Amino acid sequence: MEEQLAIPDMAAVKSGRERKESFTTTSGIPVQGVYTADDIADMDYSRDLGMPGKAPFTRGIFPTMYRGKLWSIRQFSGLDAADSTNERFKLLYQMGMTGFAVAPDNACIMGYDPDMPEAAAEVGVDGVGMYSMKDMEEIFEGLPIDKINVAVIQGITTACPHTAMYLAMAEKRGISLKELGGTTEGDPCSAGGCSVSGPSGPNSGSLGIPFSDLLRLCGDLVEWCAINVPKWHPVSFTSYNYRESGVNAYQEIGGMLSSAVAVIDEVLKRDRGLGVDDFVSQFTFHLASHNDFFEEVAKMRAARRMWYKLMGEKYGAKSPRALSLRFHIHTSGSTLTYQQPLNNAIRVAYQTLAAALGGAQSIHSCSYDEALAIPSEDSVLLSMRTQQVLQDETNIANTIDPLAGSYFVEWLTTEVEKRAWEFYREIENHGGWVKAADSGWLREQTDREAIKHEVEVRSGEKRIVGVNCYQMTEDFFKPSFFRRDPDILEKQRARIAQLKEGRDNGKVQEALRELAEATKKGDNVMPSVMKAVREYATIGEIMDLWRGILAPASARGRLV
Amino acid sequence: MDSGESKAMSEGKIKVLTSKLGFDIHNRGITLVNMALRDAGMEVIFIGNQFPKQVVEASIQEDVDVIGVSILSSTYMEYITELTQLIRENRVQDKMLVVGGIVLPDDVSHIKGMGVAEYFPPGTPLTVISEYIARNAPRRSAS
């Protein structure tokens, strides 16, 4: 209490004494009191900044950025069964959402059907069940997926079948795959969602499937889409996941570059006629936006500059699209608090502003109840309004990269970039992302940063409003939280039973046999996955097949 | 599974089994809790992601004093119901059960009613957790 009522010592202030011994960014970069032209004396406009849409893309990947097209409001959504999610999407669309992103439930993201016993408690949990193409049909019924594109957010192992379910559904609706736009997340390097324990290790979420196979599946999707669905983004490197696990801002983008290298090299080594300009053009990235406002903006600008350099210098990419870092921002869930949830709306507003000033192509703004539940209607609407007020009332989108030229922001962009390259090189010195993850080194770095954060919070050095300062025993704001349909398991079991009865099971088995063959022979799996999902093969059936071939030790994915 | 030291060496140390329940792989919190409990001188056996049946089996096999589970998906009601039921069926209620992760405020008294000794929401200082366990863990009698 005493600390919270502290009156500033004005005499001390007038004498030049500062509030703290040192001021740093969240990632530990020391920050001076004042920045001047001297701090960016080495900066060269055309070498380091350039115009938006031109090398090195620091200021943005398109010439007109938000003056041409505002960032997409893309709220990650999914609840209960397909019909409820469809209702939610329709509501959000009416309320002004401009991009879709579908959140899978725990059962299907791990590759289980509702009739599999292990998945009983996970059906309908924290997302929508996407067990077959039928679910995709119902989720997107009546929505203009030819005009607004969809991000299909995936577990790493299920990227191919879930993408195929979406693509096959769109095709069935008469949309040509040559025209269809959208994104698959499926980043093998962020295996384990918000844990970086090594993709083949425990808690990795990869179900014991070796990293080389995860890379293979991702490579298959990239390769196949480059030819068959040219406007599709087949992978979105999700640095968000390991950032949330604990790594800091510059480690986030250093790691991100390294993870992209792993997939690029996987595709190139196949030597099947695709050059970097053919497939890297469709890569996208999925970053976090955390609380340190200027550091996050600097990080995004640095990331664009680094990607340009990496693609040009390491791979000789020529196509502007391959040299441009296209990214989505998901505001940071881990910075949001269980205590005093209304405060989270404010955190999200600042994080969304940082994303917009950082030049993101689409943004998901978390809801204030993020630390407690998936969004209710009320809370997701407020998230959308957060973005809409930003877009329509603040005029920040009137000009491109407005923070450019700030002594501090340019200095910080360069500093973040420098440290990110150091981290990238450390990973490469460990043999690249795969080896750095499998050896446990990445886990060590993540844990070290997570501990550092925890120590800083415990000491009070890092203040979290409502958690280690300004605590309240009783919160004044008591929202009602989303709760899952209590009958969801029964409903989903009935639906899947009906599906399995109504489809041509002979054709399903035949398609699965072909998929098994393609998987074992090392052929691209996508043609047979597409064939199987068109016959309404389920996610559980496809994943059982792959678990059997690729991770036999873990059999039916008994939690490894 | 982390097998820990032999019983002779660990006599006197509070033995804690920690686990994530079900498919939830948000493990940043449990990583820190495991570390904090070890720093506080406890023996920690972390069994990763498991279902309630395996948690109870392991806690019996390892003869632990405390079971700590971490859940950051909305599955806590189902899993804690099953877990506390299995604890009762196996007559190991003398082991203290604590829960970390996300439990909606309205459900906290309910899970305590089922047999959870304490719930630690996100943001709980690690020392609060380790001190609670140190103070309240059932003591093993000298044999």
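The values are calculated or read from the model by the stated rules, or taken from the named source; none is laboratory data. Since the model is a prediction, treat every value here as computed from it, not as a measurement. Please note: Cβ atoms are built from the backbone with ideal geometry, for glycine as well, and neighbour counts cover all protein chains shown.
Select from the stretch A:517-545 the residues that are farther than 17 Å from A:Glu223 by Cβ and acidic (Asp, Glu) and list them in ascending order.
If the condition is that a residue be farther than 17 Å from A:Glu223 by Cβ and acidic (Asp, Glu), then A:Glu517, A:Glu535, A:Glu541, A:Asp544 are the ones that fit.
From the list A:Pro341, A:Pro320, which residue is farther than 18 Å from A:Ala404 by Cβ and in contact with a Leu (Cβ under 9 Å, 6 or more places away or on another chain)? Explain how you work it out, then say what you get.
Values: A:Pro320 fails: in contact with a Leu (Cβ under 9 Å, 6 or more places away or on another chain).
After ruling out the rest, the residue left standing is A:Pro341.
Only one residue in A:Gly111, A:Gly99 is out of contact with any Asp or Glu (no Cβ under 9 Å at 6 or more places or on another chain) and surrounded by 18 or more Cβ atoms within 10 Å (Cβ to Cβ). Which one?
A:Gly99
Residue by residue through the stretch A:517-531, note down the ones that are assigned to a helix (DSSP H, G or I) and closer than 19 Å to A:Glu541 by Cα. First the steps, then the outcome.
Step one: list which residues in the stretch A:517-531 are assigned to a helix (DSSP H, G or I), which gives A:517-521, A:526-531.
A:Glu517, A:Ala518, A:Thr519, A:Lys520, A:Met526, A:Pro527, A:Ser528, A:Val529, A:Met530, A:Lys531, listed by residue number.
Within the stretch A:244-281, restricting attention to residues that are charged (D, E, K, R) and under 22 Å from A:Gly358 (Cα atoms), which residue is farthest from the other protein chains (Cβ to nearest Cβ)?
Start the filter on the stretch A:244-281 by keeping residues that are charged (D, E, K, R), which leaves A:244, A:252, A:265-266, A:269-272, A:277-278.
Applying the additional criterion that residues be under 22 Å from A:Gly358 (Cα atoms) yields A:244, A:252.
Numbers: A:Glu244: 7, A:Glu252: 14 Å.
The extreme case among them is A:Glu252.
Tell me, which residue of the stretch B:121-138 that is within 12 Å of chain A (Cβ to nearest Cβ) and assigned to a loop (DSSP other than H, G, I, E, B) is farthest from A:Ala371 (Cα to Cα)?
Result: B:Pro125.
Quick one: would you say A:Ser46 is under 29 Å from A:Pro402 (Cβ atoms) and in the same structural domain as A:Thr414 (by TED's automatic domain parsing)? Let's see the steps before the verdict.
Numbers: under 29 Å from A:Pro402 (Cβ atoms): yes; in the same structural domain as A:Thr414 (by TED's automatic domain parsing): yes.
Against the criterion (under 29 Å from A:Pro402 (Cβ atoms) and in the same structural domain as A:Thr414 (by TED's automatic domain parsing)), A:Ser46 qualifies.
So which helices (runs of 4 or more DSSP H) stay within the stretch A:1-113 end to end and still have 2 or more residues that are of a type in the set (S, T, N, Q)? Write out each step before concluding.
Working: elements: A:10-14, A:65-68, A:82-94, A:106-109.
Helices (runs of 4 or more DSSP H) meeting the threshold: A:82-94.
Name the one entry in B:Leu17, B:Leu32 that is touching a helix residue (DSSP H, G or I) at 6+ places or on another chain (Cβ under 6 Å) and either under 26 Å from A:Thr335 (Cα atoms) or free of Cβ contacts under 8 Å to residues at least 24 places away in the same chain (or both).
Working: B:Leu17 fails: either under 26 Å from A:Thr335 (Cα atoms) or free of Cβ contacts under 8 Å to residues at least 24 places away in the same chain (or both).
Result of the check over B:Leu17, B:Leu32: B:Leu32.
If you go through the stretch A:69-88 one residue at a time, do you hit one that is without any contact (Cβ under 8 Å) to a residue 24 or more places away in the chain and either in the same structural domain as A:Glu501 (by TED's automatic domain parsing) or over 24 Å from A:Ala170 (Cα atoms) (or both)?
Here is the first cut: in the stretch A:69-88, the residues without any contact (Cβ under 8 Å) to a residue 24 or more places away in the chain are A:69, A:87.
Then keep just the ones that are either in the same structural domain as A:Glu501 (by TED's automatic domain parsing) or over 24 Å from A:Ala170 (Cα atoms) (or both); that gives A:69.
Checked against the condition, which is being without any contact (Cβ under 8 Å) to a residue 24 or more places away in the chain and either in the same structural domain as A:Glu501 (by TED's automatic domain parsing) or over 24 Å from A:Ala170 (Cα atoms) (or both), the stretch A:69-88 yields at least one hit.
Among the residues in the stretch A:375-388, are any closer than 30 Å to B:Thr124 by Cβ, hydrophobic (A, V, I, L, M, F, W, C) and touching a Phe, Trp or Tyr at 6+ places or on another chain (Cβ under 8 Å)? Break it down stepwise before answering.
So the first thing to find is which residues in the stretch A:375-388 are closer than 30 Å to B:Thr124 by Cβ, and the list is A:375-380, A:382-383, A:386.
Those left that are additionally hydrophobic (A, V, I, L, M, F, W, C): A:380, A:382.
Now restrict to residues that are touching a Phe, Trp or Tyr at 6+ places or on another chain (Cβ under 8 Å): A:382.
Yes, because at least one residue in the stretch A:375-388 is closer than 30 Å to B:Thr124 by Cβ, hydrophobic (A, V, I, L, M, F, W, C) and touching a Phe, Trp or Tyr at 6+ places or on another chain (Cβ under 8 Å).
If only one of A:Ala360, A:Ala355, A:Ala288, A:Ala322 is more than 28 Å from A:Asp126 (Cα to Cα) and in contact (Cβ under 8 Å) with a residue 40 or more places away in the chain, which one is it? Can you show your working first?
Details: A:Ala360 fails: more than 28 Å from A:Asp126 (Cα to Cα); A:Ala355 fails: more than 28 Å from A:Asp126 (Cα to Cα); A:Ala288 fails: more than 28 Å from A:Asp126 (Cα to Cα).
Going through A:Ala360, A:Ala355, A:Ala288, A:Ala322 in turn, just one is more than 28 Å from A:Asp126 (Cα to Cα) and in contact (Cβ under 8 Å) with a residue 40 or more places away in the chain: A:Ala322.
Residue by residue, here is whether (1) closer than 27 Å to A:Met133 by Cβ; (2) at pLDDT below 95; (3) in contact with a strand residue (DSSP E or B) (Cβ under 9 Å, 6 or more places away or on another chain) holds:
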residue	(1), (2), (3)
A:Tyr470	no, no, no
A:Lys500	yes, no, no
A:Ala516	yes, no, no
A:Val533	yes, no, no
A:Ala551	yes, yes, no
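Kindly list the number of the only condition in (1) buried (at least 24 other Cβ atoms within 10 Å of the Cβ); (2) modelled with pLDDT of 95 or more; (3) farther than 21 Å from A:Arg326 by Cα that fails for A:Gly174.
So A:Gly174 meets the others, but not (1).
For the subset of the stretch B:30-60 comprising residues that are within 14 Å of chain A (Cβ to nearest Cβ) and assigned to a strand (DSSP E or B), which member is farthest from A:Asp126 (Cα to Cα)?
Ranking the candidates gives B:Ile45 first.
Looking at B:Val99, B:Val116, which one is out of contact with any His (no Cβ under 7 Å at 6 or more places or on another chain), assigned to a loop (DSSP other than H, G, I, E, B) and crowded, with 16+ Cβ neighbours inside 10 Å? Please lay out each step first, then the result.
Numbers: B:Val99 fails: assigned to a loop (DSSP other than H, G, I, E, B).
That would be B:Val116, the only listed residue that is out of contact with any His (no Cβ under 7 Å at 6 or more places or on another chain), assigned to a loop (DSSP other than H, G, I, E, B) and crowded, with 16+ Cβ neighbours inside 10 Å.
Scan the stretch A:116-162 for residues that are of a type in the set (A, V, I, L, M, F, W, C), under 19 Å from A:Lys231 (Cα atoms) and part of a helix (DSSP H, G or I) and jot them down.
A:Ala159, A:Cys160
Just a yes or no: is a residue in the stretch A:151-162 outside the structural domain of A:Thr538 (by TED's automatic domain parsing) and farther than 24 Å from A:Asn241 by Cβ? Show your work before the answer.
Our first condition is that a residue be outside the structural domain of A:Thr538 (by TED's automatic domain parsing); within the stretch A:151-162, this holds for A:151-162.
Restricting the remaining residues to those that are farther than 24 Å from A:Asn241 by Cβ gives none.
So far as the stretch A:151-162 goes, no, none of its residues is outside the structural domain of A:Thr538 (by TED's automatic domain parsing) and farther than 24 Å from A:Asn241 by Cβ.
Only one residue in A:Tyr93, A:Tyr112, A:Tyr45, A:Tyr66 is within 14 Å of chain B (Cβ to nearest Cβ) and either farther than 24 Å from B:Glu78 by Cβ or hydroxyl-bearing (Ser, Thr, Tyr) (or both). Which one? Show your work before the answer.
Values: A:Tyr93 fails: within 14 Å of chain B (Cβ to nearest Cβ); A:Tyr45 fails: within 14 Å of chain B (Cβ to nearest Cβ); A:Tyr66 fails: within 14 Å of chain B (Cβ to nearest Cβ).
Exactly one of A:Tyr93, A:Tyr112, A:Tyr45, A:Tyr66 is within 14 Å of chain B (Cβ to nearest Cβ) and either farther than 24 Å from B:Glu78 by Cβ or hydroxyl-bearing (Ser, Thr, Tyr) (or both), namely A:Tyr112.
Could you list all residues from the stretch B:61-83 that are within 13 Å of the chain's Cα centre (by Cα), in a helix (DSSP H, G or I) and away from chain A (no Cβ under 14 Å)?
none
In the stretch A:292-302, how many are buried (at least 23 other Cβ atoms within 10 Å of the Cβ) and either hydrophobic (A, V, I, L, M, F, W, C) or at pLDDT below 95 (or both)?
4
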